[in-house]
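The values are calculated or read from the model by the stated rules, or taken from the named source; none is laboratory data. Every value quoted in this text rests on a predicted model; they were computed, and no experiment measured them. Backbone-built Cβ (ideal geometry, glycine too); neighbour counts: all protein chains shown.
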Amino acid sequence: MALFKLPFLKKEKNLVRPELQVERIPEHIAIIMDGNGRWAQNKGLPRVAGHRQGMDNVKRIVKIANSYNVKILTLYAFSTENWKRPSNEIEYLMKLPIDFLQHYLPELMEENVKIETIGDLEHLPNKTSAAIMSAIDKTSANTGLILNIAINYGSRYEMIQSVKAICKEVLEGNYSIEEIDEQMFSRHLYTSDISDPDLLIRTSGEIRLSNFLLWQSAYSELWFTDTLWPDFNEEDFEKAINEFQKRKRRYGGI
């Protein structure tokens, strides 16, 4: 069984880093990036400072995931429920994708990263959606890690839209009710062209999915950490993968 250590990671004093199996690196990792606000409050800073720090951490984790040869990294950036937050915080959050892409798109291009999104982009501010669509276009030919940004995303909304689309096709005579199955349902989701997540990580100590990839994560391995997202680093990422590799995925079998 092939093993490797990652040379770009510094070995910390008294820390024995686990060896990872190349062939068992998760193909698709999804992350609920939680804890930005608490990170800022713990430091006596405004919540938006945590969001800024969290944005900077996205670049770091994208590079790490790419170095591990992860194929897809889905990041929960903004949920349909996040519109309930104070208007000034929402305004700041809507500017973050613009800032992130302005500052880091050249580096993402160097890393051969391809940007994709899931969620309802139509109801984002025009400047936000325009920046995202431009980045999708500029990285469309890249063949490395897929950075899949979940923005204005809610899993329940996604599933309802899938049901509506299937009902419309049945009414138009394209399908019969008997033909509806899991595969058809999946083809009408935002994630129709990517695999389901193998590993789903949530930071900040919360232990719930918060309306994120509910259908797609039916058999994902879940890993929770108390680390707040701005502090989530290479060591945490490796711990999650190491734990994933210890588990046996039976998919309901023996």
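Looking only at residues in region 233-254 that are under 17 Å from Val70 (Cα atoms) and of a type in the set (A, V, I, L, M, F, W, C), the one that is farthest from the chain's Cα centre (by Cα) is Phe244.
The rows are residues; the columns are (1) in contact with a Cys (Cβ under 6 Å, 6 or more places away or on another chain); (2) small (Gly, Ala, Ser); (3) touching a residue at least 60 places away in the same chain (Cβ under 8 Å).
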{"site": "Met184", "(1), (2), (3)": "no, no, no"}
{"site": "Tyr190", "(1), (2), (3)": "no, no, yes"}
{"site": "Ser204", "(1), (2), (3)": "no, yes, yes"}
{"site": "Trp215", "(1), (2), (3)": "no, no, yes"}
{"site": "Tyr219", "(1), (2), (3)": "no, no, no"}
{"site": "Phe224", "(1), (2), (3)": "no, no, no"}
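The rows are residues; the columns are (1) of a type outside the set (A, V, I, L, M); (2) over 26 Å from Arg208 (Cα atoms); (3) modelled with pLDDT of 95 or more.
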residue: Met55; (1), (2), (3): no, no, yes
residue: Ile64; (1), (2), (3): no, no, yes
residue: Pro106; (1), (2), (3): yes, yes, yes
residue: Met109; (1), (2), (3): no, yes, yes
residue: Val113; (1), (2), (3): no, yes, yes
residue: Ile118; (1), (2), (3): no, no, yes
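Of all residues in region 234-254, those satisfying the criterion of being touching a residue at least 40 places away in the same chain (Cβ under 8 Å) and among the acidic types (Asp, Glu) are Glu234, Glu235, Glu238. When region 118-169 is filtered for residues that are free of Cβ contacts under 8 Å to residues at least 60 places away in the same chain, within 16 Å of Ile72 (Cβ to Cβ) and touching a Leu at 6+ places or on another chain (Cβ under 9 Å), the ones remaining, listed by number, are Thr139, Asn142.
Among residues that are touching a residue at least 40 places away in the same chain (Cβ under 8 Å), touching a Gly at 6+ places or on another chain (Cβ under 8 Å), crowded, with 16+ Cβ neighbours inside 10 Å and of a type in the set (D, E, K, R), Arg38 is included.
Among the residues of region 13-35, those that are surrounded by fewer than 21 Cβ atoms within 10 Å (Cβ to Cβ), touching a helix residue (DSSP H, G or I) at 6+ places or on another chain (Cβ under 7 Å) and either in a strand (DSSP E or B) or modelled with pLDDT under 90 (or both) comprise Arg17, Pro18, Leu20, Gln21. Within region 60-77, the set of residues being part of a helix (DSSP H, G or I) and among the small types (Gly, Ala, Ser) comprises Ala65, Ser67.
All of Leu45, Leu73 fail the test of being among the aliphatic types (A, V, I, L, M) and closer than 16 Å to Ala150 by Cα, apart from Leu73.
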